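The values are calculated or read from the model by the stated rules, or taken from the named source; none is laboratory data. Values in this document were obtained by computation on a predicted structure and should not be read as measured data. FYI the Cβ positions are ideal-geometry reconstructions off the backbone, even for glycines, and counts take in every protein chain you see. When the accessible area is computed, the model is the full protein with side chains, heavy atoms only, and any ligands, DNA or RNA have been set aside. Shrake-Rupley method; radii C 1.70, N 1.55, O 1.52, S 1.80 Å.
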Amino acid sequence: GYSDLLAEHPSGIYFGWAGLSSRGVFKMVMSIGWNPYFDNKEKTIEPWILHKFDEDFYGKELWLIIVGYIRPEANFPSLESLIAKIHEDGEIAEKALELPLCWDDDHAFIELTL
């Protein structure tokens, strides 16, 4: 699995690109960590693709490329405050991924998934 790979990455909120087979490449924000609000027992990756889809795509292949780091993982006093912070992270990722240094037309990842 991913446990060895995850052990190497600091917990926190990251942003980048998500390639979804046959659908294209989309902006994403992603947590790596234990999600302390939910008291997870395992370190996980939870990507949030910043795009509205018309249907579910469970079981489809997903490629992720991390471009940057937003903040460390944190606990929250309420679900509402967690959701507000997630939306703030999404806004940061949206803006950051518009910067030229975050988009490389020649990147093999982008070509592979289009």
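Annotations
- Residues within region 70-87 that are surrounded by fewer than 14 Cβ atoms within 10 Å (Cβ to Cβ) and either in a strand (DSSP E or B) or of a type in the set (D, E, K, R) (or both), tallied: 2
- When region 23-37 is filtered for residues that are among the aromatic types (F, W, Y) and under 12 Å from the mean Cα position of the chain (by Cα), only F26 remains.
- When residues of region 42-67 are limited to those that are over 12 Å from the mean Cα position of the chain (by Cα) and among the charged types (D, E, K, R), the one nearest to I92 (Cα to Cα): K52
- Only strands (runs of 3 or more DSSP E) whose full extent lies in region 1-51 are considered here, and the ones with at least 1 residues that are in contact (Cβ under 8 Å) with a residue 60 or more places away in the chain and touching a Pro at 6+ places or on another chain (Cβ under 8 Å) are 12-20, 24-33.
- Those residues of region 88-114 which are at pLDDT 90 or above, in a helix (DSSP H, G or I) and farther than 12 Å from I13 by Cα, in sequence order: E91, E94, K95, A96
- Here G33 does not fit the description of being over 16 Å from H87 (Cα atoms), in contact with a helix residue (DSSP H, G or I) (Cβ under 8 Å, 6 or more places away or on another chain) and surrounded by 14 or more Cβ atoms within 10 Å (Cβ to Cβ).
- Residue in region 7-23 that is modelled with pLDDT under 90, open to solvent by less than 60 Å² (accessible area, probe 1.4 Å) and β-branched (V, I, T) present: no
- The one condition from (1) modelled with pLDDT of 95 or more; (2) of a type outside the set (D, E, K, R); (3) touching a Phe, Trp or Tyr at 6+ places or on another chain (Cβ under 7 Å) that V67 does not meet is (1).
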